1. Somewhere in region 116-123, is a residue surrounded by fewer than 12 Cβ atoms within 10 Å (Cβ to Cβ), at pLDDT below 75 and not aromatic (Phe, Trp, Tyr)?
2. Could you please tell me which pairs satisfy a Cβ distance under 8 Å, a separation of 6+ or placement on different chains, a first residue in region 42-71 that is touching a residue at least 40 places away in the same chain (Cβ under 8 Å), and a second residue that is hydrophobic (A, V, I, L, M, F, W, C) and part of a loop (DSSP other than H, G, I, E, B)?
3. Among the candidates ILE96, ILE61, ILE39, single out the residue that is at negative phi, of a type in the set (A, V, I, L, M) and part of a helix (DSSP H, G or I).
4. Of all residues being more than 19 Å from HIS18 (Cα to Cα), hydrophobic (A, V, I, L, M, F, W, C) and at pLDDT 90 or above in region 34-63, which is surrounded by the fewest Cβ atoms within 10 Å (Cβ to Cβ)? Just the residue, please.
Amino acid sequence: MSLFADMIEYMSQTDIIHLFFPWVLVVAVTYGVLDKYEIFEDPTVDGAVSLAFSFLAMGGIYFFAPQGLFVNFGAALAFAAFVALGFMIVMAVAGIDVNDMTDQERSIPLIGGLAILGLGLIAAVVDTIELPEVQNPPDLIAMAQDILPPALLVVFVLAVIYITSKNTEE
């Protein structure tokens, strides 16, 4: 196994990925919001409040949320960012200037990323919730893995074709 894979496995076993990185994320976002809107007007108070809030948030997630929910949310967020960035790269390769697009057209990668994020969040919640057992349940996850990627690829290609053809007509 590579060094990077060993590192990720070690961090997963020691709960660094499950607790520490989400804690750092909550600290950073909370401090950023408090600093931007100047609620307390003192950076040290912003830091103390963001630290306290992040410890409370991680305690709540650790004790009450299903195991792995925050990590699944992070994975869904990464896939959403990947979709939006990939869409922008494909549009740049196709010769579309994002600055010449209207606001409505410019929001297409964001909508695609948010759709993937929503699907990922739904999958994360469904994966972590323990449902009562049913006799011969359909394998919905396998069905989604078989159907969803080709459908998303078709929608992606159609969106690129639409945007490319619309810009050449003008």
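1. No: region 116-123 contains no residue that is surrounded by fewer than 12 Cβ atoms within 10 Å (Cβ to Cβ), at pLDDT below 75 and not aromatic (Phe, Trp, Tyr).
2. PRO66/ILE129
3. On the way: ILE96 fails: part of a helix (DSSP H, G or I); ILE39 fails: part of a helix (DSSP H, G or I).
Exactly one of ILE96, ILE61, ILE39 is at negative phi, of a type in the set (A, V, I, L, M) and part of a helix (DSSP H, G or I), namely ILE61.
4. VAL45
The values are calculated or read from the model by the stated rules, or taken from the named source; none is laboratory data. Just so it is clear, the model here is predicted, and its values are computed rather than measured. Positions of Cβ are backbone-derived with ideal geometry, glycine not excepted, and every protein chain shown enters the neighbour counts.
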